[in-house]
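Everything on this sheet refers to the single structure shown next.
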Amino acid sequence: MVLIAAPMASSGGGGITLLLPLILIVGMIWFMSRTQRKQRQKQADTVAALQPGTKVITTSGQVGIVEEVDDEYVTLEISDGVLVQFVKAAIGRVIPEEPVDEAADEPADEAADETVDAPVEVKDDVDTKDAVEVPDAGADKGKVQDKSKLPPTHTEN
């Protein structure tokens, strides 16, 4: 038996196989930088639109109402009469104002008067004097109360 050493045939796309991962990496870096640029622009727009009376949350989680806006600083009222200065870059987001719902301002009695109760049938063989009315829990029907999610107090070996 004779073994002959023959050179392996090379594929013609050697340069493309090395170039393809490089192109993918450059594309991913470009896409991530583009996303970060959009986030920075959105933050800059939010800070530029600050006006006194706006409710904001800082990046550290402090909630306050804007009292004054300077070139570099924002003065927030975090409690009645307590003013704190923050750097503008520390403003995380603006809390949108909640719309006033006029229907929520109505007393509950008026809403209860609008509902129509179904007539109750009384059977002759049941003594109505001892009957107890049980309100229908229609909204809670089929719901199961969540169980406690505490960790077990012991382990088995």
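The values are calculated or read from the model by the stated rules, or taken from the named source; none is laboratory data. Values in this document were obtained by computation on a predicted structure and should not be read as measured data. With ideal geometry, Cβ positions are generated from the backbone for all residues, glycine too; neighbour counts draw on all protein chains shown.
Numbers at a glance
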| read-out | value |
| --- | --- |
| Single condition Ile65 does not satisfy, out of (1) surrounded by fewer than 10 Cβ atoms within 10 Å (Cβ to Cβ); (2) of a type in the set (A, V, I, L, M); (3) closer than 16 Å to Val94 by Cα | (1) |
| Within the range 72-91, tally of residues that are in contact (Cβ under 8 Å) with a residue 24 or more places away in the chain and surrounded by 15 or more Cβ atoms within 10 Å (Cβ to Cβ) | 5 |
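Condition check ((1) β-branched (Val, Ile, Thr); (2) surrounded by 10 or more Cβ atoms within 10 Å (Cβ to Cβ); (3) at pLDDT below 85) across all residues:
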{"site": "Ala44", "(1), (2), (3)": "no, yes, no"}
{"site": "Asp70", "(1), (2), (3)": "no, no, no"}
{"site": "Pro99", "(1), (2), (3)": "no, no, yes"}
{"site": "Glu102", "(1), (2), (3)": "no, no, yes"}
{"site": "Ala118", "(1), (2), (3)": "no, no, yes"}
{"site": "Asp146", "(1), (2), (3)": "no, no, yes"}
{"site": "Glu156", "(1), (2), (3)": "no, no, yes"}
